[in-house]
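Visitor: Please read through the structure below; I'll follow up with questions.
Any read-out appearing in this document is the output of simple, stated calculations on the displayed coordinates, not a laboratory observation. Please read these numbers as outputs of a predicted model, since none were measured by experiment. Cβ coordinates were reconstructed from backbone atoms using ideal geometry, including for glycine residues, and neighbour counts include every protein chain displayed.
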Amino acid sequence: MRLVKIFLLMLFLGVVVHITSAYAETSNDKLLVCTDYYQFKPEQKDPRLIKQPNGPFAVMVFQEYALGVHIGIIYYDQMGNPLDGKWWISERFWDDRNWGSDITSLCWGSDGKFLYVGTSQIYGDGGLFRINLFEKQYTRIYPESAKTPPNISMTEIISVNRTERKMKVKVFQNDFATERIVEIPLE
């Protein structure tokens, strides 16, 4: 029974992500990327690299199809010094199970310091994260506490308003039965 439920949730997630696959409206489309399940062509076997438009980082995307989309962060550009923030010249890849598993969307911060990641709870956390790129730290910004989550199934960044410094996030609750839109302030 549990396997059937997981399969149905994955199928539903695939349909939801497919329906919302267009790039969300923003003042700079290069800063917001929606990771559509069907955006990756079946013949594309290599991971996908998404370069930060305003900084030295890139996100490597691992499309695992039925097992979700997973990411890791790379210090991609030349460093110039052996140490930059928490990055060491020979340690240029960072991932974490909390924010890097089963992602639904990601958004680069306009100042180059942050990455915002929405996740699904099938293989991931289900929350929305702000990642401090230089310091290799992350904060769960919605819901704020993982200890008492309000039954969040998935968060997905759908638009960013850089003038008002807010993003709109679609939040699915109760095993994807209900959804709502929340506004989250940008750092």
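Visitor: For GLY126, which sequence-distant residues (separation of 5 or more, or a different chain) have an amide H within less than 5 Å of its own amide H, given hydrogens modelled in the peptide plane?
Guide: THR119, SER120, GLN121
Visitor: Oh, and also: Give the peptides 59-70, 87-98 in descending order of average Cβ contacts within 10 Å, highest first.
Guide: Details: 59-70: 18.1, 87-98: 13.8.
Ranking, from highest mean packing down: 59-70, 87-98.
Visitor: Using Cβ contacts closer than 10 Å as the measure, can you line up SER153, SER110 from fewest to most?
Guide: Ordered from fewest to most neighbouring Cβ atoms within 10 Å, SER153, SER110 come out as SER110, SER153.
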